[in-house]
1. Using the number of other C-beta atoms within 10 angstrom as an exposure proxy, rank Leu265, Leu280 with the fewest first.
2. So how far apart, in nm, are the two label points at Glu239 and Ser260 if each is 7 Å from Cα heading toward Cβ?
3. In percent, how large is the relative contact order of the chain, given Cα pairs closer than 8 Å and 6 or more residues apart?
4. How much of the pair distance distribution for the chain lies past 34 Å, counting alpha-carbon pairs only, in percent?
5. Which distance in nm do the two modelled labels at Thr413 and Ala434 give, with both placed 7 Å along the Cα-to-Cβ direction?
6. Within the chain, how many Lys pairs that are eight or more residues apart, or on different chains, come under 23 Å at the alpha-carbon?
7. If you take every residue apart from Glu228 with its C-beta less than 12 Å away from the C-beta of Glu228, what net charge results, scoring Lys and Arg +1 and Asp and Glu -1?
8. Let me have the relative contact order for the range 88-219, percent, based on Cα pairs under 8 Å that are six or more residues apart.
Amino acid sequence: MIETFDVERVTPDDSRYGVLGASFNGRWAGAPEYVLLPKTADEAVASVQHVLDRGVRFALHSSGACYEDLIANPENRVIISTSQLNSVDYDPERKAFAVGPGITTADLYRKLYEGWHVTVPAGVGPPVALGGQMTNAGYGALSRQLGHLVDYLEAVEVVIADADGRARKVMATRQADDPQRELWWAHTGGGGGTYGLVTKFWLRSPEAQGSEPADQLPTAPRELIVSEVAWSWDQLSEESFGKLLGNFTAWHERHAGVDSPYLNLFSALKPRHISAGEFLMSSQIDAATPNAEQLLDDFLAAIVDGTGLTYRVDVRERVDWLAHVTAWASLGGDGWEGKGRFKAKSAYLRTAMPADQVRAMYRNLTDPEYDNPATLVEIAGYGGRVNTVASSETAVPQRDSVIKMLYLVMWATPEEDAAQLAWIRRWYGEVYAATGGVPGVGGANDGAVLNYTDADPLDPALNGSPIPWHELYFGAAYPRLQQIKAKWDPADHFTHALAVRGRN
Ligand SMILES: Cc1cc2nc3c(=O)[nH]c(=O)nc-3n(C[C@H](O)[C@H](O)[C@H](O)COP(=O)(O)OP(=O)(O)OC[C@H]3O[C@@H](n4cnc5c(N)ncnc54)[C@H](O)[C@@H]3O)c2cc1C
């Protein structure tokens, strides 16, 4: 048994204190008394026991990528960082890859690729860790082809807090006869920092056969053909901009089936405010796809079809897949430099973008009163294999969406906070004006993306719809998640603004 005092404490006089527990978002700063840094699962149990015994408010941290102040928040007196639980091993007993929550996306891709030439559809942020990414249902450039990251979650080891205040490790798997199966299910998109502290994820394809490690996860692509094209705002009118957005979103609706020849193609259209001068579309296709070059050309042609627009080709090349996914993908273009504060919002889209939403998008992005080029809406491809999994199989209910959208504004100083927040809130509120200022559920939209964490829908002043925040993120999964929460964290020790509230 490991005693609490064996777990390393990082105090404010330690230079690592400023990193462990910190947020990527310069708006947030915590002031924990110390950060606990467990190096093993038993140390993680001791860490949780320590905070339970002290009765202090605490938070879990893996990389600090969370967009809101769920961790870096002065109310959290102790942070437990799982950044050192970052191993990747093949577990022959489970025929699955055992992965620590502190592994970064870049290290995960590298270790799986170099060790076994396999991969998972994780995200596009190399320094983002798995802890929150998995539990909030990560997705990435391979998701149309391979599905959600959580579709590969075979099992999870979690440190939970019993009703009597004892911390202990629990193993939960997706096996139908596992009595702990509901706890596994909650970790397929039911939210990080909500049920307990994850010490390990096991990854395996649901359809995997045999016992060869390389057969237990999808083979990683070897090369990609990548394309980056740009449009200048000078050449765009409301009509051509609208047609471009319509083409992009309608294309994804048309090609959401797994029988589409474009299943291996991923693209993100990234309109920015007119003060940026131009915006990009980044696309990629697995180079091994038959006719890959032609498919990419046909896709590009479909996006500009009928717009009267041409595009500037900035990049068109074959690249090594591993080098591509482990390198930092910039947001594209200029205007982001020195801007460390940000606000993000999001939406799922099930169909081509409705005309009223396109109009509001154009109006706000060409707003002459605003002049921050560090503004982007990333309209990214989804659907494909993601859509083949039933909504109830995992805690990701938005299984018939074809697009994910990330709204992002970045700025430099606290003095700008109020104006920048007001602007992104107005932009988003106007796009979704027909549904009370937030994306609707079950119509053209289907709520918002949990990993693009935004606490605004909790605020009635910013959510004028009858749709509660939890329906936007968890949809019909919420009541089931509430029961799991009530069972596994009855005293609500693991909590934050966007955590599921328990109910029997
Ligand atoms: C540059 C960038 C790129 C991104 N790209 C993508 C992308 O392509 N796809 C995508 O899906 N998302 C993406 N995201 C969003 C990202 O996945 C989320 O912010 C995610 O929640 C981060 O997880 P984390 O553990 O690294 O972050 P943290 O901020 O450390 O944690 C986030 C949440 O998870 C909880 N948590 C952390 N560790 C544990 C643990 N061990 N056990 C239980 N709960 C834990 C925390 O308490 C918190 O609630 C991106 C974010 C950034 C900043």
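Quick note: the coordinates plus some simple rules give every number you see, no bench work behind them. Every value quoted in this text rests on a predicted model; they were computed, and no experiment measured them. Here the Cβ positions follow ideal geometry from the backbone for every residue, glycine too, while neighbour counts run over all protein chains shown.
1. Values: Leu265 26, Leu280 23.
Starting with the residue having the fewest Cβ neighbours, the order is Leu280, Leu265.
2. Going by the 7 Å Cα→Cβ label model, 2.8 nm.
3. 15
4. Working: 42932 of 126756 pairs.
When all Cα pairs of the chain are counted, 34 percent exceed 34 Å.
5. Output for this residue pair reads 4.1 nm.
6. Lysine pairs satisfying the spacing and distance rule in the chain number 20.
7. 0
8. So the answer I get is 30 percent.
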